[in-house]
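S.K.: Encoded as structure tokens, here's the structure I'll be asking about.
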Amino acid sequence: MEEWGTYKLSEISSFKTGKLDSNASCEGGKYPFFTCSPETLSINQYAFDQKAILLAGNNAEGNFNVKYYEGKFNAYQRTYVFTANEKKVIPYFLFYALKICLNDFKQMSQGTSTKFLTAKILNSFEVKLPPISIQAKIVNLLRSIDEKVALNNRINHNLEEQADSLILSAIETQSIGSAHLRDICSYVTERVNSDTLNNENYISTDNMFANRGGVGIAAKIPGGKCTSFKAQDVLVSNIRPYFKKVWRASFSGGCSNDVLCFRTTTGTSSFLYHLLRSDVFFEYVMSGAKGSKMPRGDKLHILNWVIPVFETDCIASLEGALEEIDDRVAITQEENRRLSAIRDSLLPMLMSNSISINDLTC
């Protein structure tokens, strides 16, 4: 087995921070804008053009995140931008090496109301590295999984666009009038004890992904009661609605009070979901949102959203077509969950040298 070594981050990389405030972002900007949020924002000016590992430098609870990016981008003043010394470490390997250390960073962070990482902490932090040839094999395996997940996400994006086109065409050619959102759905008010839930079926705004990216595993489950949801309900994060966090439930569980849970009253859950994932819906929610730093949608205002009305046979046909698309999306989402689970189980073992990459690729 080829020898691994232990190195301080300062020995294998350099880093700097961005220069901008977090509110420098703009919707639809040309370049990614990395802040300490799990979501990547956008901006129209770039300050970096490189292979970079982006590490969030502060978080209220110490839940830091790390990302990899190649190209032009900008960064918040508390986001660390790492440049790998490629003679010693492959940039993507460094990304994976830091990814498994996020809990360590949480324990080492400073601060009370907000946890933060200092340059001193990062410079002295140690990671294990194998020779470059082994790094390349590990990166090739793990990145192949990441790329398959990304491909599936692009496939699903195209399917969702097909669904959007179906609804737009129906509105233009077959709509017979208008109604309000409250006429086809209602908010779910049933409650469930959080101690009956687990990290996979508890949904909060923290484990909902931006830009309609679905949901992930919850980092924690607060005590008390929360909203009980069922399969086919539509969940929408009500904090900073412009992140467009929406998910059509594929199982039952519980969600936090900052997540709105919609249930169809007309038996058209696919139609409801595709209405609520539209840009027009989120623009409407923002038009009545309250608060500037962290806006929240107004629940009464949301139910007053004007929606199209169709003849019974038309809505039935539309619902059937949308369900077919949703079923195809669900298949690739399930594949992504399996792939992500495989990657996340392999990652710590490969990065700690508890299993050999040669045993997996021979």
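The values are calculated or read from the model by the stated rules, or taken from the named source; none is laboratory data. These numbers come from a predicted model, not from an experiment. Cβ placement follows ideal geometry from the backbone for every residue including glycine, while neighbour counts extend to all protein chains displayed.
S.K.: Mind listing whichever residues of region 253-268 are within 20 Å of the chain's Cα centre (by Cα) and among the hydroxyl-bearing types (Ser, Thr, Tyr)?
M.R.: To start, the set of residues in region 253-268 that are within 20 Å of the chain's Cα centre (by Cα) comprises 253-261.
If the condition is that a residue be within 20 Å of the chain's Cα centre (by Cα) and among the hydroxyl-bearing types (Ser, Thr, Tyr), then Ser256 is the only one that fits.
S.K.: Which condition number does Ser252 fail, the rest of (1) surrounded by 17 or more Cβ atoms within 10 Å (Cβ to Cβ); (2) under 23 Å from Arg337 (Cα atoms); (3) in the same structural domain as Tyr273 (by TED's automatic domain parsing) being met?
M.R.: Only one criterion in (1) surrounded by 17 or more Cβ atoms within 10 Å (Cβ to Cβ); (2) under 23 Å from Arg337 (Cα atoms); (3) in the same structural domain as Tyr273 (by TED's automatic domain parsing) is unmet by Ser252, namely (1).
S.K.: A further question on this structure: How do the pairs read when you match residues in region 270-297 that are under 18 Å from Asp258 (Cα atoms) with residues anywhere that are acidic (Asp, Glu) and not in a loop (DSSP other than H, G, I, E, B), using Cβ under 7 Å and keeping only pairs 6 or more apart or on different chains?
M.R.: As it stands, the answer is none, since no pair meets every condition given.
S.K.: Let me ask something else. Mind listing just one residue for me: the one in region 345-362 that is modelled with pLDDT of 90 or more and not hydrophobic (A, V, I, L, M, F, W, C) and, of those, surrounded by the fewest Cβ atoms within 10 Å (Cβ to Cβ)?
M.R.: Among residues in region 345-362 that are modelled with pLDDT of 90 or more and not hydrophobic (A, V, I, L, M, F, W, C), the one surrounded by the fewest Cβ atoms within 10 Å (Cβ to Cβ) is Ser345.
S.K.: Exactly one of these conditions fails for Thr83: (1) within 18 Å of the chain's Cα centre (by Cα); (2) in a strand (DSSP E or B); (3) in contact (Cβ under 8 Å) with a residue 60 or more places away in the chain. Give me its number.
M.R.: (1)
S.K.: Test of understanding: among Asn23, Asn59, Asn74, which residue is closer than 24 Å to Arg212 by Cα and in contact with a Cys (Cβ under 7 Å, 6 or more places away or on another chain)? Quick ask: steps written out before the conclusion?
M.R.: On the way: Asn23 fails: in contact with a Cys (Cβ under 7 Å, 6 or more places away or on another chain); Asn74 fails: in contact with a Cys (Cβ under 7 Å, 6 or more places away or on another chain).
Just a single option satisfies the conditions, and that option is Asn59.
S.K.: Of the residues that make up region 123-145, is at least one without any contact (Cβ under 8 Å) to a residue 40 or more places away in the chain and within 22 Å of the chain's Cα centre (by Cα)?
M.R.: yes
S.K.: If you don't mind, another one. Which condition from (1) more than 17 Å from His157 (Cβ to Cβ); (2) among the β-branched types (Val, Ile, Thr); (3) assigned to a helix (DSSP H, G or I) is the one that Val329 breaks?
M.R.: Here Val329 clears every test but (1).
S.K.: Filter region 1-42 for residues that are part of a helix (DSSP H, G or I) and in contact (Cβ under 8 Å) with a residue 40 or more places away in the chain; which is nearest to Phe125 (Cα to Cα)? Quick ask: steps written out before the conclusion?
M.R.: So in region 1-42, the residues part of a helix (DSSP H, G or I) come out as 9-12, 22-24.
Add one more test, that the residue is in contact (Cβ under 8 Å) with a residue 40 or more places away in the chain, and what stays is 9-12, 22, 24.
Values: Leu9: 6, Ser10: 8, Glu11: 10, Ile12: 11, Ser22: 26, Ala24: 30 Å.
My answer is Leu9.
S.K.: Scan region 299-306 and give yes if some residue there is out of contact with any Asp or Glu (no Cβ under 8 Å at 6 or more places or on another chain), assigned to a strand (DSSP E or B) and surrounded by 15 or more Cβ atoms within 10 Å (Cβ to Cβ), otherwise no.
M.R.: Of the residues in region 299-306, the ones out of contact with any Asp or Glu (no Cβ under 8 Å at 6 or more places or on another chain) are 299-306.
Going one step further and asking which of them are assigned to a strand (DSSP E or B), we end up with 306.
Narrowing further to those that are surrounded by 15 or more Cβ atoms within 10 Å (Cβ to Cβ): none.
No: zero hits.
S.K.: Quick check on this structure: which one of Ser278, Ser317, Ser269, Ser292 is over 18 Å from Leu235 (Cβ atoms) and surrounded by 15 or more Cβ atoms within 10 Å (Cβ to Cβ)?
M.R.: On the way: Ser278 fails: over 18 Å from Leu235 (Cβ atoms); Ser269 fails: over 18 Å from Leu235 (Cβ atoms); Ser292 fails: surrounded by 15 or more Cβ atoms within 10 Å (Cβ to Cβ).
When all the criteria are applied, what remains is Ser317.
S.K.: I need the full set of residues from region 239-255 which are out of contact with any helix residue (DSSP H, G or I) (no Cβ under 7 Å at 6 or more places or on another chain) and either in a loop (DSSP other than H, G, I, E, B) or within 24 Å of Asn193 (Cβ to Cβ) (or both), in order please. Steps first, please.
M.R.: Step one: list which residues in region 239-255 are out of contact with any helix residue (DSSP H, G or I) (no Cβ under 7 Å at 6 or more places or on another chain), which gives 240, 243, 247, 249, 251-253, 255.
Across region 239-255, the qualifying residues are Arg240, Trp247, Ala249, Phe251, Ser252, Gly253, Cys255.
S.K.: Let me ask something additional. List the pairs whose first member sits in region 223-241 and is free of Cβ contacts under 8 Å to residues at least 24 places away in the same chain, whose second member is part of a loop (DSSP other than H, G, I, E, B), and whose Cβ atoms are under 7 Å apart, counting only residues at least 6 apart or on separate chains?
M.R.: Ala231/Ala249; Ala231/Ser250; Ala231/Phe251; Ala231/Ser252
S.K.: Also, quick follow-up: If I filter region 108-130 for residues that are surrounded by 15 or more Cβ atoms within 10 Å (Cβ to Cβ), part of a helix (DSSP H, G or I) and either charged (D, E, K, R) or touching a Cys at 6+ places or on another chain (Cβ under 9 Å) (or both), do I get at least one hit?
M.R.: Checked against the condition, which is being surrounded by 15 or more Cβ atoms within 10 Å (Cβ to Cβ), part of a helix (DSSP H, G or I) and either charged (D, E, K, R) or touching a Cys at 6+ places or on another chain (Cβ under 9 Å) (or both), region 108-130 yields no hits at all.
S.K.: Are any of the residues in region 260-268 modelled with pLDDT of 95 or more and either of a type in the set (A, V, I, L, M) or at positive phi (or both)?
M.R.: So the first thing to find is which residues in region 260-268 are modelled with pLDDT of 95 or more, and the list is 260-265.
Those still in the list that are either of a type in the set (A, V, I, L, M) or at positive phi (or both) too: 260.
Yes, region 260-268 contains at least one residue that is modelled with pLDDT of 95 or more and either of a type in the set (A, V, I, L, M) or at positive phi (or both).
Residue-by-condition table, conditions (1) part of a helix (DSSP H, G or I); (2) surrounded by 14 or more Cβ atoms within 10 Å (Cβ to Cβ); (3) out of contact with any Pro (no Cβ under 8 Å at 6 or more places or on another chain); (4) β-branched (Val, Ile, Thr):
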position	(1), (2), (3), (4)
Asn152	yes, yes, yes, no
Ser165	yes, no, yes, no
Glu172	yes, no, yes, no
Arg182	yes, yes, yes, no
Arg212	no, yes, yes, no
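S.K.: What are the residues in region 316-336 that are more than 25 Å from Ile184 (Cβ to Cβ), touching a helix residue (DSSP H, G or I) at 6+ places or on another chain (Cβ under 6 Å) and of a type in the set (Val, Ile, Thr), if any?
M.R.: Within region 316-336, Thr332 is the sole residue that qualifies.
S.K.: OK, next. Those residues that are over 29 Å from Arg337 (Cα atoms) and in contact with a helix residue (DSSP H, G or I) (Cβ under 9 Å, 6 or more places away or on another chain), I need them from region 151-174; list them, please. Give the derivation first.
M.R.: Quick first cut of region 151-174, residues over 29 Å from Arg337 (Cα atoms) only: 168-174.
Scanning region 151-174 gives Ala170, Gln174.
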